[in-house]
Amino acid sequence: MRLTGAALRVVIMFAASHSGWAAGPPPPAQQGAEAASPLGWHKYVTDEGAIIGMNTYGESGAIADLMKHFGFTADNVVTKAKELLS
C-alpha cells in the first residue's frame, strides 16, 4: 500500500489472539478490512473510521470478481484510507 506522506500502522488480527495481547489490545484503528462479515470489528475501529466487509450472505463467482464486488482490492483499501485521512 502506498500513501505518500502518510504514517500508517498495519495490524493483522486473528481471533485466537484477542484474549492474549502481549502489550494489551491495539489502539483504535481508523480502518478495518475483513474478507467476511465485519461483525465484531466495531470494537477495534473508531466511530469515525470505516470497515470494509461483506454485509450480505455472500455471492458465487470467480474469486477475482468477488473480491472486487465486495471492495477487497488494494485500490479500494487505499482509496478508503485516503478518504479517512483527508
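The values are calculated or read from the model by the stated rules, or taken from the named source; none is laboratory data. Not measured: the values here are computed from a predicted model. Don't worry about glycine lacking a Cβ; one is built from the backbone with ideal geometry, like all the others, and counts go over all protein chains shown.
Inspect all residues belonging to segment 15-31 and state whether any of them is modelled with pLDDT under 85, in a strand (DSSP E or B) and of a type in the set (A, V, I, L, M, F, W, C).
Checked against the condition, which is being modelled with pLDDT under 85, in a strand (DSSP E or B) and of a type in the set (A, V, I, L, M, F, W, C), segment 15-31 yields at least one hit.
Regarding T73, is this residue modelled with pLDDT of 80 or more and not aliphatic (A, V, I, L, M)?
Criteria met by T73.
Could you list, in sequence order, the residues of segment 39-50 that are farther than 17 Å from A74 by Cβ and surrounded by 16 or more Cβ atoms within 10 Å (Cβ to Cβ)?
W41, Y44, V45, G49
Among what's in segment 44-70 and is of a type in the set (V, I, T) and under 14 Å from E34 (Cβ atoms), pick the residue that is modelled with the lowest pLDDT.
V45
Of all residues in segment 64-86, how many are surrounded by 15 or more Cβ atoms within 10 Å (Cβ to Cβ) and among the charged types (D, E, K, R)?
1
Limited to segment 50-79, what total is found for residues that are in contact with a Gly (Cβ under 8 Å, 6 or more places away or on another chain) and part of a loop (DSSP other than H, G, I, E, B)?
Qualifying residue count, segment 50-79: 1.
Out of segment 71-86, which residues are among the hydroxyl-bearing types (S, T, Y) and closer than 17 Å to A36 by Cβ?
T73
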